[in-house]
Amino acid sequence: MSIADALNDDLAAEFPAAFRALSRLGRRIYFPQGIPAQSADARGTRYNATIGQVTDGHGSPTPLPAIAEAFAGLDAHKSHLYSPPAGHGDLRRAWADRQRALSGGSTAPTTLPFVCIGLTQVLSFAAELFVDEDTPVLVPAPRWGNYDQVFVTRRGGRLVEYDLFDGRELTLEPLRQTLAATEGPAMVVLNFPHNPSGMTPDAATAAELVDLVLAHPGPLVVLVDDAYAGMAWDDQLPGRSLFWDLAERHDPDKHVILRADGVTKELLFFPGRVGFLTIACDPASKSAAAFESKLAGLARSGNGSPPGPSQAAVLHALTHPDLDQQLTEARAVLQARFDRLSAALAAAQSDRLRPYPFNSGVFAMVGLPDDLDSEEVRKRLIAEQSLGLVRLGGLNALRIAWCSVAEEDIDGLVGALVEGLG
C-alpha cells in the first residue's frame, strides 16, 4: 500500500467528510521520505550530513555579515536555516495558543496551525486539497477578486455566488437557498470581516449562519477566511471567529472546517507573508497526521518551505511583552479613522452617495447610481479629484480602503467622492 493510500484510509476511517471531499490531487499528495524527512530523522546525530545547507559544521548558520546584520535580534537558527515544510514548531504552538485565548478558551480540537506563505497560499492549499474541476465553491457576492484565480483559474472549480446584501442590509437567505441547492462534495467560503464591504454579522445573525451551514448534509468543506480577524469597530459584534463555533459543533461525517488566518492584518505585518491553515480535528488523531503529511507534500512540491526570517520575526513579536499594548495603540488609530469615515458618510449631502453598512475590517463600500459606471467613475476620480478607489467586479460600487488614509484626510476624501459623483 502506498503512503497516500494509507493516509486516505486513515481519513476514511476517522474523518469521512474529509476523505469524500478530497480532490484528486488531495488523494494523491503526501510528504515523501525524501531529504527533509531523512534530515529530521538524523537530528541530534554526531555527524549530520543530510541536508544541503552551509553551517559551521555543528548545526549553526553562517550567514554573510551583510545579510545577518539585517536580521539582528532574531533567532539566527530560525532566520538563517531552512524551515521545516510545516513551519517552525514553536511558532505554530505560539500562534495556536494565542488564537485559542482569543477564542475565549474554546475546547474545540484543532490541528496545529500549518505555516503558509501568506493567506493566499492558505487558500491555495485548501483549494488543492478539496477542489477539483467543477467542484462547487460557494463564495459571497461581492467578494475578494482573487478567489476567482485560486478556485477557478488554478483548480477549475465552479464558483457559485450567494448575495451578501439585500439592498443595503446583510442577508443570509441567498446562502440558505444556495446551500439547499448544492450537493456535496462542495466548499463554502465565509469571510468576516468581509472584503470588500467591511461588514460582520451581529451575534444573532452569526449564530443563524452557523446553524444553516451545519444543516448541510455534506460532505461540505467550510473555509473560514479570517484575514481581518480582530478588526471589529463595534463593541456589539461577536468577540471571536465563526471558526470556533463551527469547530465546536461540526459533524466529521458531514463537514470539514478550515481556518485561514495570519499576521498580515492581525499583527499588521503586511510583507511578512506568514499565514496559517488550521483544521478542526483531534490533533492526536491519524487524520491530523494525514492532513499534516498532505499539506507538507503540497509545500515540498511547491515552495519547499516557508521563509525563516519572517517566521522568526513573528515569533519574536508573539513573545514580546508589549505586543498587546502595541496592537491596542495601533487599533485605536484605526478606530478613529473608522469613526471619522462613518460620521463623514452620514453627514454627506448627496443622494448619489450610497454607502453599504460597515462595522469591521479596513474597507467600506459605496454603491453607485444606475446612471454611473464604476470603472468610468474610478478613472474620473483619479483624474479630476486625485482620489484612488477600487472598482468591484460584478457590482456597480467602489471600495474605500480607509485604513490607508490619515484621519485628518477622511473628510476631504468623502468630499472629493461626493463632488466626483456629481
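The values are calculated or read from the model by the stated rules, or taken from the named source; none is laboratory data. Quick caveat, the model's predicted, so the values are computed rather than measured. Using ideal geometry, Cβ is built from the backbone for each residue, glycine included, and neighbour counts are taken over all protein chains shown.
Taking segment 150-204 on its own, how many of its residues are assigned to a helix (DSSP H, G or I) and exposed (fewer than 15 other Cβ atoms within 10 Å of the Cβ)? Break it down into steps so the answer makes sense when it comes.
Taking segment 150-204 and keeping what is assigned to a helix (DSSP H, G or I), we get 150-153, 173-180, 203-204.
Restricting the remaining residues to those that are exposed (fewer than 15 other Cβ atoms within 10 Å of the Cβ) gives 153, 173, 177, 180, 203-204.
Going through segment 150-204 one residue at a time, the tally reaches 6.
Starting from segment 171-194, take each residue that is among the hydrophobic types (A, V, I, L, M, F, W, C) and list its partners that are in a loop (DSSP other than H, G, I, E, B), counting only C-beta distances under 7 angstrom and pairs at least six apart or across chains.
Leu179/His216; Ala186/Thr135; Met187/Val131; Met187/Thr135; Phe192/Thr200; Phe192/Pro201
Inside segment 96-117, can you point out the residues that are assigned to a helix (DSSP H, G or I) and over 23 Å from Phe31 (Cα atoms)?
From segment 96-117, those assigned to a helix (DSSP H, G or I) are 96-102; that's our starting set.
Matches in segment 96-117: Asp97, Arg98, Gln99, Arg100, Ala101, Leu102.
Please enumerate the residues belonging to segment 113-135 that are closer than 20 Å to Gln311 by Cα and polar (S, T, N, Q).
Taking segment 113-135 and keeping what is closer than 20 Å to Gln311 by Cα, we get 113-125.
Those that are closer than 20 Å to Gln311 by Cα and polar (S, T, N, Q): Thr120, Gln121, Ser124.
Table: residues versus (1) within 18 Å of Arg300 (Cβ to Cβ); (2) of a type outside the set (A, V, I, L, M, F, W, C); (3) surrounded by 17 or more Cβ atoms within 10 Å (Cβ to Cβ).
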| residue | (1), (2), (3) |
| --- | --- |
| Ser2 | yes, yes, no |
| Glu14 | no, yes, yes |
| Leu25 | yes, no, yes |
| Ala40 | yes, no, no |
| Gly44 | no, yes, no |
| Asn48 | no, yes, no |
| Ile51 | yes, no, no |
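Could you please let me know if Asp371 is in contact (Cβ under 8 Å) with a residue 60 or more places away in the chain and more than 26 Å from the chain's Cα centre (by Cα)? Spell out the reasoning first.
Values: in contact (Cβ under 8 Å) with a residue 60 or more places away in the chain: no; more than 26 Å from the chain's Cα centre (by Cα): yes.
Against the criterion (in contact (Cβ under 8 Å) with a residue 60 or more places away in the chain and more than 26 Å from the chain's Cα centre (by Cα)), Asp371 does not qualify.
Return the total of residues in segment 106-147 being surrounded by fewer than 20 Cβ atoms within 10 Å (Cβ to Cβ), within 20 Å of Tyr228 (Cα to Cα) and more than 16 Å from the chain's Cα centre (by Cα).
Looking only at that region, the number is 2.
Consider only pairs whose beta carbons are under 7 Å apart and that are at least six residues apart or on different chains; among these, list those whose first residue lies in segment 387-413 and is not assigned by TED's automatic domain parsing to the domain that holds Ser197 and whose second residue is polar (S, T, N, Q).
Arg391/Ser374; Leu392/Ser374; Asn396/Ser374; Ala397/Ser374; Leu398/Ser374
Just to be sure, is Val122 among the β-branched types (Val, Ile, Thr), in the same structural domain as Met199 (by TED's automatic domain parsing) and in contact with an Asp or Glu (Cβ under 9 Å, 6 or more places away or on another chain)? Walk me through how you get there before you give the answer.
On the way: among the β-branched types (Val, Ile, Thr): yes; in the same structural domain as Met199 (by TED's automatic domain parsing): yes; in contact with an Asp or Glu (Cβ under 9 Å, 6 or more places away or on another chain): yes.
Yes.
What number of residues in segment 39-53 are over 24 Å from Ile117 (Cα atoms) and either assigned to a loop (DSSP other than H, G, I, E, B) or in contact (Cβ under 8 Å) with a residue 12 or more places away in the chain (or both)?
Residues in segment 39-53 being over 24 Å from Ile117 (Cα atoms) and either assigned to a loop (DSSP other than H, G, I, E, B) or in contact (Cβ under 8 Å) with a residue 12 or more places away in the chain (or both): 9 in total.
Please go through segment 179-215 and give me each residue that is farther than 19 Å from Leu246 by Cα and in contact with a Phe, Trp or Tyr (Cβ under 9 Å, 6 or more places away or on another chain), ordered by number.
Asn195, Pro196, Ser197, Gly198, Met199
Being part of a loop (DSSP other than H, G, I, E, B), of a type outside the set (Asp, Glu) and in contact with a helix residue (DSSP H, G or I) (Cβ under 7 Å, 6 or more places away or on another chain) narrows it down to one of Phe269, Phe276, so name that one.
Values: Phe276 fails: part of a loop (DSSP other than H, G, I, E, B).
From the options Phe269, Phe276, the qualifying one is Phe269.
Of everything in segment 292-323, what is within 21 Å of Pro16 (Cβ to Cβ) and out of contact with any helix residue (DSSP H, G or I) (no Cβ under 8 Å at 6 or more places or on another chain)? Give them in sequence order. If you could, list the steps in order and put the result at the bottom.
Applying the first criterion (within 21 Å of Pro16 (Cβ to Cβ)) to segment 292-323 yields 292-295.
Hit for segment 292-323 is Glu292, nothing else.
Return the residues of segment 317-362 that are without any contact (Cβ under 8 Å) to a residue 12 or more places away in the chain, outside any helix (DSSP H, G or I) and within 30 Å of Asp163 (Cβ to Cβ); say none if nothing qualifies.
Asp351 - this is the single residue of segment 317-362 that is without any contact (Cβ under 8 Å) to a residue 12 or more places away in the chain, outside any helix (DSSP H, G or I) and within 30 Å of Asp163 (Cβ to Cβ).
Is it true that Phe31 is under 27 Å from the mean Cα position of the chain (by Cα), without any contact (Cβ under 8 Å) to a residue 24 or more places away in the chain and surrounded by 19 or more Cβ atoms within 10 Å (Cβ to Cβ)? Talk me through it step by step, then tell me what you get.
Values: under 27 Å from the mean Cα position of the chain (by Cα): yes; without any contact (Cβ under 8 Å) to a residue 24 or more places away in the chain: no; surrounded by 19 or more Cβ atoms within 10 Å (Cβ to Cβ): yes.
Taking the combined requirement at face value, the residue does not satisfy it.
Among the residues of segment 13-47, what is the count of those that are in contact with a helix residue (DSSP H, G or I) (Cβ under 8 Å, 6 or more places away or on another chain) and aliphatic (A, V, I, L, M)?
Counting residues in segment 13-47 that are in contact with a helix residue (DSSP H, G or I) (Cβ under 8 Å, 6 or more places away or on another chain) and aliphatic (A, V, I, L, M) gives 6.
In segment 54-101, which residues are of a type in the set (Lys, Arg) and touching a residue at least 12 places away in the same chain (Cβ under 8 Å)?
We begin by selecting, within segment 54-101, every residue of a type in the set (Lys, Arg); these are 78, 92-93, 98, 100.
If the condition is that a residue be of a type in the set (Lys, Arg) and touching a residue at least 12 places away in the same chain (Cβ under 8 Å), then Lys78, Arg92, Arg93, Arg98 are the ones that fit.
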